[in-house]
Structures are given as structure tokens and as C-alpha cells.
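Below is one structure; the comments refer to it alone.
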Amino acid sequence: MSVHSRTLIGVFSLAVVIRLATLAVLLPEMKPDVDPDSYRSLGRNLAVGKGFVAVSLDGRELPNVSRTPVYPLFLASLIRVGGDKLGLFLAAQCVLGALTCLLTALLASRWLSWRAAAVAGMLVALDPNSIQRCVDLRTETLFTLLLVGGACVLAWRSERWWGWLLGGVLWSDAALCRPVAVGLWVVALLLMFVTKARWTWYGAFMIAFLALVGAWAGRNTNLTGRWFVSTIPTYNLLIYRAAGVKAEETHQPLETVQQQLLADCGDIQFFDGRERFASTLRTYRRTAMYILSSAPFLAARQAVVGWMKVLFGPGARGLENELNTTGRSARWWPLLYGVGLAGLTLLAIVGAIRLGRNGLLLVVLSVYFVVLAGGPEANSRFRAPITPMLAILTVASMATLRKKECDTESL
């Protein structure tokens, strides 16, 4: 067995053992019927052939137009194989999280020695937030795997047309896992200029990317009469960003303001007739823009605070809503973890400088997700997709770079 294979297997083995051990400790304390963001309900309904429907806020079972299909389909496939079991879902996520650590090492080896690449993979394997996300029934673990998988293909096979095609498939799946990734075609476009790839290769990426994303947008169009991938951006604009501004202005709790806005404006996460949906959508946008335009500096400040939460938030309460009991966490580790994250971020900046144009893919992906995750809704959960990128850049700041990274044809 080659040293490369042993490195990857070692990183994967360490990561999966840590994650499964964490699951074994936490699973008895978790609510067996946990269903954050209706993902489990959507997966259950897909598994029995009822379609992409879930229970809305008013208790009716309606088509969902805010969630995207990849994660619910993942859960549906597990339900068909082993039943509707929380332990099964989370065990599968532990394996996916370990695969992400393996892919992190593989991606890092594009520019670093295999020993340094293994360190990058192990940083993700040992990262408390990345471990916690594997036992959280949300999209981040699967999304991160798809994102890093696409980055690996584009980094290692940017000189092949099929590499761009496969990258488009993986990143379109990522976009249908979390709609925030719909703009990844811009990242691929920048990458094309840096690598001097052919336009036809980028065209292959766009064909794959738009085919899947467009098919889902077509479903929403057929249902609602409007072309969109998800209502989540509009929902977050009002229920989090605008609500955050209003909450601070009126000195009310954020949850109180959110409930008021939902009562006044309705809910756009579920579809209940074209006319009603269109009216609610207009109300959301008009109300959000009115609130945000009335206090632009406050909105900007909250966005910056959100970026800090994404980068440095310890996530001490990340599973609070999924556990039966919430014990008091140690006072020292969140602070220590936050300081460690700040140090790693500084090292990542140094690593980005060292890699130069070769680190563009990692830097742009990191900035992309941090910026879009800013605001009152931001938390450590949104750091999961960029943790592999930051880990590689951190190690690059201290490790010896491969000679190949100086080649103008490399990334």
C-alpha cells in the first residue's frame, strides 16, 4: 500500500472513530423524534411516495418550497434501507464527515506534502464543530462533503473537461443541499481565468450545474408560477436580518419580533395557492427592505457581527434543541476554542499569502460562505463548509509547499 493510501486511510479512520464515539455518548440524550427544519418529515414523506411535503406552521401538510431536495432524499434513502431511525441517520453522517476529512487531505496534497496534507485532514477530524455537525440532523455534513468533493475535482483535474463536468455535478448537488451555494458558478468562473482553462470546459461545468439546479427551479415554477430555487433567501432576509434590526431598535427579543413578523406577513416556506404565495412573497420583500433601509448602518454592523460568529463562534449550544437535557458546558473550553479559532484564522491568512494564486480556490470559497452567512442568523454551524479550506490554508502557512505549486499551470 502506498504512503498516499495509508495517509488517507489513517485520516479517515481517526475521524470516523471520533465521530462514532461522540454519537455513542450523545445519542441516548437526544430526542428520538427530533426534526429540525422539517428535513426528517420531508425525507419520511419522500420515502413513502407522498412527495416533497411537510407540516406547515398552521398544522397542514403542504408542499415545501424553502427546502431543497438533496438532504431530504439522503434521509429518504436511509429510511427505505433501515427505517426511520435517528441513530441510522447520524451514523451515516459520521461516515460522511470522516470522508470529508479524507477529501481535505487529498485536496491539501495538491499543494502540500502528504505529511502536511495529513495534518490538514486531522485538523478537520479533531475540530469540535465539525464533529458536532455530524450528530446534528441538518444539511451541513452532507453539504460540506459535496463542496470539498467538487473542489478536489476542480483542483486536481482542472485540465480535463470531464473534471469540470464532474465539478458541476457535485456543486449543483451542493446547491440543492443548501441554496446559499447557488452562486458557486461565479467561483468556478474565477477559477477558469486563473487556470487558463478553456471556455468549453467551463461550459461543461455550467451544463451540469444548471441542469440539476434548473430542474428543481422548474419544479417550483410549475407549482407556484415563479422561477426560484428556494424561498430561504427571502425568508432569512425578513425573519432574521430585518427582524434583527427591528429587535435591536425596539429593544425586544429577536424571537418576539420574528413571531410578530410571521403573524403579520405569513409564511413563505410552504405553498398554499399561487395568488396567496405571490402576495406573501411581495409582502416579505417590501417589509424587509423597509426595515433594512431605515437602519443601514445597524444592518451592516449586525452583518459584521455575524461574520465573527461564523469564524469564531464555539458552538457551545449547537445541539441544545435536539437534546433532552442541556447540561452546563465547561466555562473554559468555549473561550479557549474561540481563541484557537482566531489563531488558526490568522495562520490561514498567512497561508493564503504563501500559496498566492494557487490558493485562490480555497480563499474565494471561504470568503463566499462567510460573507453570505453574516447577520443575526449566523452561527458556528455555517463554519462547517469552510473549515476544510481554513485547515489547508493554516497548514500551508507553516508547511513546506510542493514545488509543483510554483508552476503557473497549477492552482
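Coordinate-derived values only; no laboratory data. Model, not experiment: these values are computed from the prediction. Quick reminder, even Gly has a Cβ in these numbers, built from the backbone with ideal geometry, and neighbours come from all protein chains shown.
Overall, the ratio between the Cα radius of gyration of region 129-222 and 2.2 N^0.38 Å, rounded to two decimals, is 1.12.
On the principal axes of its alpha-carbon atoms, region 210-302 has extents of 43, 27, 19 Å, going from largest to smallest.
Taking the longest Cα principal axis of the chain as reference, the axis of helix 114-126 is set at about 30 degrees.
Straight-line cross-link partners of Lys50 among the aspartates and glutamates, defined as a Cα under 14 Å from its Cα and at least 8 positions apart when in the same chain: Glu61.
With a ≥ b ≥ c the root eigenvalues of the C-alpha gyration tensor of region 156-315, is it rounded (a/c under 1.5), prolate (a/b larger than b/c) or oblate? Cα axes put region 156-315 in the oblate bin.
With the simple spin-label model, which puts each label point 7 Å out from Cα in the Cβ direction, the Glu320 to Ile353 separation comes to 3.8 nm. For the Cα trace of the chain, dividing Rg by the Kirkwood Rh returns an Rg/Rh value of 0.96. Select from region 160-227 those chymotrypsin sites (Phe, Trp or Tyr not before Pro) which occupy a DSSP coil region and have at most 14 other Cβ atoms within 10 Å, ordered by residue number. When the chymotrypsin sites (Phe, Trp or Tyr not before Pro) of region 160-227 are filtered for loop state and at most 14 Cβ neighbours within 10 Å, Trp227 remain.
Extension gain, Ile9 to Ser279, is 91.8 nm, computed as 0.36 nm per intervening residue step minus the present C-alpha separation.
Taking the longest Cα principal axis of the chain as reference, the axis of helix 199-224 is set at about 20 degrees. Taking the Cα atoms of region 1-78, the ratio Rg/Rh between the radius of gyration and the Kirkwood radius comes to 1.18. Placing one equal scatterer on every Cα of region 129-181 and applying the Debye formula, the log10 ratio I(q)/I(0) at q = 0.18, 0.31 Å⁻¹ is -0.58, -1.08. Straightening the chain between Tyr290 and Trp156 buys 43.6 nm, computed as 0.36 nm per residue apart minus the Cα-Cα spacing. How far is helix 387-396 tilted, in degrees, relative to the longest principal axis of the Cα atoms in the chain, given as a value from 0 to 90 rounded to the nearest 10? On a 0 to 90 degree scale, this one is about 30. If the segment from Ser2 to Arg219 were pulled out straight at 0.36 nm per residue, it would be longer than the present Cα-Cα gap by 73.4 nm.
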